[in-house]
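Visitor: Supplied in structure tokens, the structure appears directly below.
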Amino acid sequence: MTLTAPLAACAAIVGAWAYGTYEPNSRVFGRVVGRGARTGRAVYLTFDDGPNPGATEPILETLAAAGVPAAFFLVGDHVRRFPTIARQVARAGHDVGNHTFRLRKLHFAGPRRIRDELERTHALIVETTERTPRAFRAPHGYRNPFVAPAARRLGYTVFGWTFGVWDSDARVAAPEIRRRVRAKLRPGAIVLLHDGDGYDPHGDRRRTADALPGIIDDARAAGYEFRSLAELATR
């Protein structure tokens, strides 16, 4: 009986820590934006793990043709490999965010490693695109208590997402990516998609690029308006 309360307390602490680490929108370790307003019909497109030579450019072409804004969370090492594509993203006027240098999972990283991942990528994005990123998304959404202070030092808003559709899975074809987004759309949704492979700079994400025109058509047919993620940033 005397051990019940301490064990329960330990279980609660472990549970809270796990929730803060693995739930992308948890505020246990600091403020994170995972959704816009539930009123109205705004929706926000975001793309992770680029730039990518096979997918980013056709995605940019689709967005330009449709007049749709998006946010791109860039991997620093991919920016280094494909600077021209990174500049195309910035010059198109889309929001540019930091997604660490080599897609490091940060849940077990110490403060020095986290600062290095964010600051190195920040400097590279600024140098390459002449744009200062104001947004950060942790790889896989994994965070710990050291992530928020490192992000604040750079003036970032930390973003999660409302839903993803596993478009990074090679078994998921473009029509299924489109169907999943259509099924999950809701007011204020921050949609997680991928224009690159964080671990393979040449990873194939053309399925997402192929799905995008239909995703845009479906959302507009349902009365949604695409908005810039920057409007959700912390002031």
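Please treat every number below as a calculation from the coordinates, not as lab data. In this text the structure is predicted, and so the values were computed from the model without any measurement. Note: ideal-geometry Cβ built from the backbone for every residue, glycine included; neighbour counts use all protein chains shown.
Visitor: Obtain the nm distance between the two label points defined at Arg182 and Thr234 by a simple spin-label model: each point lies 7 Å from its Cα along the Cα-to-C-beta direction.
Guide: Placing both labels 7 Å beyond Cα along the Cβ direction yields 3.8 nm.
Visitor: Once you have a ≥ b ≥ c as the square roots of the Cα gyration tensor eigenvalues for region 119-165, tell me rounded if a/c is under 1.5, and otherwise prolate or oblate according to whether a/b is larger than b/c.
Guide: oblate
Visitor: Now a separate question. Grab the Cα-Cα distance for Arg152 and Asp116, subtract it from 0.36 nm times how many residues apart they are, and report the gain in nm with one decimal.
Guide: Taking Arg152 through Asp116 to full extension adds about 11.6 nm, to one decimal.
Visitor: Pairs of Cα atoms under 8 Å, at least six residues apart: use those to get the relative contact order of region 14-76, whole percent.
Guide: 28
Visitor: Determine the relative contact order of the chain: mean sequence separation of Cα pairs under 8 Å and six or more apart, normalised by residue count, in whole percent.
Guide: The normalised contact order for the chain reaches 31 percent.
Visitor: Using the alpha-carbon atoms, what tilt in degrees (0 to 90, nearest 10) does helix 174-184 show relative to the longest principal axis of the chain?
Guide: It is inclined by approximately 60 degrees.
Visitor: What is the magnitude of the charge dipole of region 109-156 about its Cα centre, with +1 placed on the Cβ of each Lys and Arg, -1 on the Cβ of each Asp and Glu, and no other charges, expressed in debye to the nearest 20?
Guide: 220
Visitor: Could you check the spin-label model distance between Val126 and Arg220? Points 7 Å from the Cα along Cα→Cβ, value in nm.
Guide: 3.7
Visitor: Which angle between 0 and 90 degrees, to the nearest 10, do you get for helix 111-129 versus the longest principal axis of the chain when only C-alpha atoms count?
Guide: Roughly 20 degrees, rounded to the nearest 10.
Visitor: Going by alpha carbons, how many degrees (0 to 90, nearest 10) lie between the helix axis of 4-22 and the longest principal axis of the chain?
Guide: With rounding to tens, the tilt is 20 degrees.
Visitor: Could you tell me which residue out of Leu106, His78, Val68 lies farthest along the dipole of region 54-145 toward its positive end? Charges go on the beta carbon: Lys and Arg +1, Asp and Glu -1, centred on the Cα centre.
Guide: Leu106
Visitor: May I pose another question? Could you work out the helix-only [θ] at 222 nm for the chain, with each DSSP H run of four or more residues adding -39,500 (n - 2.57) and the total divided by the number of residues, to the nearest 500 deg cm²/dmol?
Guide: -13000 deg cm²/dmol
Visitor: Which of Pro83, Pro175, Pro201 moves the most in a Gaussian network model of the chain with Cα springs under 10 Å?
Guide: In this elastic network of the chain, the residue with the biggest mean-square fluctuation among Pro83, Pro175, Pro201 is Pro175.
Visitor: A further question follows. Let's see if you can work this out: charge +1 on each Lys and Arg Cβ, -1 on each Asp and Glu Cβ, no other charges. What is the dipole magnitude of the chain about its Cα centre, in debye to the nearest 20?
Guide: With Lys and Arg at +1 and Asp and Glu at -1, about 720 debye.
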